[in-house]
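Before any comments, here is the structure.
Read-outs: derived from the displayed coordinates by stated rules, not from any lab. Here the structure is a predicted model, which means the values were calculated and not measured. Virtual Cβ from ideal backbone geometry, glycine too; neighbours counted across all protein chains shown.
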Ligand code: LIP
């Protein structure tokens, strides 16, 4: 129900002049719609499930100073408008992403691609679906027959931009069939899950961008790794999601890694 309200908010706001502010850089955009939709989601979840039993990690709450702490407590992880830059420009990929974790284990995730009217959802151990149709990752193992997705993020630090585009150039020259980017990590992960592309990787995303997509990809038969080939770490702000290990490992060989601050950087050990 609140996906409909959120979509109405997003569509309505998109019809008039959108007031844009910035966060970590001049190109890291936020709008009143992001904040309003996050409030609708959090208030609806509190109304439905109670206030004290759960923690909330919301992109805009964190931007306004709330801690980004994933504890053992049941936690909602929310990106109210994933693809804010797209939203501001009218580029038609905008998603609402909500995940739920217990004891740091992601239990289910929902990504609603508002303008495509595609509801992706998955619960651990129960499969992944798009508009109630079962979805599965691609069975492609030959990197030369793959489409790879990545994004350049919102950090314009020259060294990072150089590494991002050097990585993309190396992947393109493998060669792969194509490189793409929707502008929203949540949507990119759903494109892996439904087999439209073979892999999505990015350094610089946040936990709220990928938490729901992580459940959807794994339940669709895909895998998640760190960009160095190690285990996936939701709070690390770097990730590879792929249809299989062969594709993932081939991509990882090309990624030029640069440091990013973890989402939970300022959390003391006794808070986790
Ligand atoms: C976006 C991510 C995307 C990233 C963008 C931006 P937002 O999230 O989904 O992967 O490349 O820079 O962070 O900010 O639109 O919610």
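A few comments on the model shown:
- Debye log10 I(q)/I(0) for the stretch 33-116, one point scatterer per Cα, at q = 0.17, 0.20, 0.26 Å⁻¹: -0.70, -0.93, -1.34
- Computed from label points 7 Å out along Cα-Cβ, the spacing between residue 249 and residue 136 is 2.3 nm.
- Per-peptide average of other Cβ atoms within 10 Å, ordering 237-245, 120-128, 162-170 highest first: 237-245, 120-128, 162-170
- Angle of helix 158-172 to the longest C-alpha principal axis of the chain, folded into 0 to 90 degrees and rounded to 10: 50°.
- Here each label is just a point 7 Å from Cα along the line to Cβ, and for residue 177 and residue 256 those points are 2.8 nm apart.
- Relative contact order, percent, the stretch 143-259 [alpha-carbon distance under 8 Å, six or more residues apart]: 28
- Protection-proxy order for peptides 86-93, 148-155, 64-71, 216-223, each taking the mean of Cβ atoms within 10 Å per residue, highest first: 216-223, 148-155, 86-93, 64-71
- Taking other Cβ atoms within 10 Å as a rough exposure proxy, 114, 4, 190, 130 sort from fewest to most as 4, 130, 114, 190.
- Angle between the chain longest axis and helix 2-14 axis [Cα atoms, degrees, rounded to 10]: 80
- Helix-derived mean residue ellipticity, 222 nm - over the chain, DSSP H n ≥ 4, -39500 (n - 2.57), to 500: -9500 deg cm²/dmol
- The chain: radius of gyration over Cα atoms, expressed as a fraction of 2.2 N^0.38 Å: 0.95
- Remark: 7, 33 ranked as 7, 33, counting other beta-carbon atoms within 10 Å and listing the fewest first.
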